[in-house]
Amino acid sequence: MVSVIVPVYNIEKYISICVESLLMQTYSELEIILVDDGSTDSSGQICDEFAMRDSRIKVIHKKNEGQVKARSAGMELSTGSYITCVDGDDWLEENAILKILDEGYGADVICFAVTEEYEDGTNGRKKNTVKEGLYTKNEELYELYSKMLMNGNFFEMGILPYLCGKLIKRDLLIRCQKEVPDNLFYAEDVACIYPCILEAGSVYVSNETLYHYRIHGASMVGKEVTREKLNSVFRTLEKSFQQHLMSESLGKQLEYYKWQSLLLKRYSDLTGFMPLFPFPMVKEGMRVAVYGAGLFGRVIKEYCETSDNLILTGWFDKRYESYVQQGLEVRSDTEVKKAEFDILVIAILNVNLAKEIITAFLKQGVPEEKMAYVQTKVLDRNVKYIMQLLSESAK
């Protein structure tokens, strides 16, 4: 038996597509638990209608308390030997559960890949970057641990940081989920997934893209996160990491993860000692063009736009059409070579992807000395700053 937990909150537009994808699974031994987290639209009613259609569906109606409590409520009701979580606006390939169970060899944690589905009808593949296969022996697991959070490059995660796209043994998942603070609304998946992997006796990794993750306007809106909320995530991970034999490697990965969180959620805390952090090539008075309209790109663009010391001359992205649909004034990457700027900032946190973008612009004739991207040496030089910053918020 596999239990599927689906938190539901005001997604009447999408929930039917999600549930239908579960009912169509070629693996039939399913228990589908829809957790209506205090929806104010017709989502709860739609859930009840599905439950009347199929006996495999159970519905929980509760007051709105957030994703962590919604998932926990579903897990407590579950009876399957495995649990997988599916967000209510996403969907699965019809053979997803059968295929991954067949491949997963009964592993405690089974990880697969996802396809990001954009509003403009295009999609992109998000995969695990560690080696695919079954990890059971100590040396295999230690190799996995050394790369699971950051795979040797900044913001290139070895295992995707989603609770979705995983099958996890029930007892293991519930045990780790109980350590996640109930009031988290940022990185609640991260706070659960990586401790689960560390406690697992076996992990199977696949890059089959069996999960469809819907990216829409609401998905991309960055919520303000206090430093104390960030510290709640970090403390949960530290508790798991510090008592592990791989604590040194895990600690370094966590250090980079802290940087990533601050850059995305608390950028204003990092602007006091450089015209544009973490881009030391940017000097006061420069004309700055920004590539990247994801969360980090939006942070950097907004800072340049409001800075008294920098002049924003353009904002570009390969996926500009999707962002324009969201009301953003983003231009095509093909227009970069026509723009006037002193420096083109590649506002992409994944270092490998940023390098690929720079290579593409070099072919278009953009001089290398006029482009900058995030480099870990800049973060490493300022690691004392981040530790001080976070310790101040913990007092």
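For Gln67, the conditions (1) touching a Pro at 6+ places or on another chain (Cβ under 6 Å); (2) surrounded by fewer than 18 Cβ atoms within 10 Å (Cβ to Cβ) are fulfilled apart from (2). Of all the criteria given as (1) in a helix (DSSP H, G or I); (2) in contact with a Lys or Arg (Cβ under 6 Å, 6 or more places away or on another chain); (3) among the hydrophobic types (A, V, I, L, M, F, W, C), the one not satisfied by Ile83 is (1).
Screening the range 295-395 for strands (runs of 3 or more DSSP E) wholly inside it with 2 or more residues that are at pLDDT 95 or above, of a type in the set (Val, Ile, Thr) and surrounded by fewer than 19 Cβ atoms within 10 Å (Cβ to Cβ) returns the ranges 311-317. Among the residues here, Asn350 does not qualify as farther than 28 Å from Thr122 by Cα and outside the structural domain of Asn153 (by TED's automatic domain parsing).
Does any residue of the range 299-311 turn out to be under 20 Å from Leu230 (Cβ atoms), of a type in the set (A, V, I, L, M, F, W, C), touching a Gly at 6+ places or on another chain (Cβ under 6 Å) and not assigned by TED's automatic domain parsing to the domain that holds Ser232?
No.
Scanning the range 61-111 for residues that are farther than 14 Å from Val6 by Cβ and among the hydroxyl-bearing types (Ser, Thr, Tyr) gives Thr79, Ser81, Tyr82, Tyr105.
Is at least one residue of the range 4-11 without any contact (Cβ under 8 Å) to a residue 40 or more places away in the chain, under 24 Å from the mean Cα position of the chain (by Cα) and on the phi > 0 side of the Ramachandran plot? There is at least one residue in the range 4-11 that is without any contact (Cβ under 8 Å) to a residue 40 or more places away in the chain, under 24 Å from the mean Cα position of the chain (by Cα) and on the phi > 0 side of the Ramachandran plot. Of everything in the range 12-52, what is part of a loop (DSSP other than H, G, I, E, B) and closer than 25 Å to Ile174 by Cβ? Give them in sequence order. Across the range 12-52, the qualifying residues are Gln25, Tyr27, Ser28, Glu29, Gly38, Ser39. In the set (1) closer than 23 Å to Glu12 by Cα; (2) surrounded by fewer than 23 Cβ atoms within 10 Å (Cβ to Cβ); (3) touching a Phe, Trp or Tyr at 6+ places or on another chain (Cβ under 8 Å), the condition left unmet by Tyr105 is number (1).
Of all residues in the range 81-90, which are farther than 17 Å from Asp37 by Cα and either out of contact with any Leu (no Cβ under 8 Å at 6 or more places or on another chain) or not assigned by TED's automatic domain parsing to the domain that holds Leu23 (or both)? Correct list: Ser81 only.
Within the span defined as the range 221-238, every residue fails to be part of a helix (DSSP H, G or I) and under 22 Å from Ile100 (Cβ atoms).
Let's see how each residue does on (1) in contact with a Leu (Cβ under 7 Å, 6 or more places away or on another chain); (2) among the aliphatic types (A, V, I, L, M):
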residue: Ser249; (1), (2): no, no
residue: Glu255; (1), (2): no, no
residue: Asp269; (1), (2): yes, no
residue: Lys283; (1), (2): no, no
residue: Gln326; (1), (2): no, no
residue: Val336; (1), (2): yes, yes
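Residue pairs whose Cβ atoms lie under 9 Å apart, separated by 6 or more positions or on different chains, with the first residue in the range 51-70 and touching a residue at least 12 places away in the same chain (Cβ under 8 Å) and the second aromatic (Phe, Trp, Tyr) and loosely packed, with under 13 Cβ neighbours inside 10 Å, are Gly66/Phe185; Gln67/Phe185; Val68/Phe185.
Here is a yes/no grid of residues against (1) surrounded by 15 or more Cβ atoms within 10 Å (Cβ to Cβ); (2) assigned to a helix (DSSP H, G or I); (3) modelled with pLDDT of 95 or more:
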position	(1), (2), (3)
Leu245	no, no, no
Leu250	yes, yes, yes
Glu255	yes, yes, no
Ser261	yes, yes, no
Gly272	no, no, no
Leu276	yes, no, yes
Met281	yes, no, yes
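The values are calculated or read from the model by the stated rules, or taken from the named source; none is laboratory data. Fair warning: this is a prediction, and the values are worked out from it, not measured in the lab. Glycine also receives a Cβ, built like all others from the backbone with ideal geometry; neighbour counts cover every protein chain displayed.
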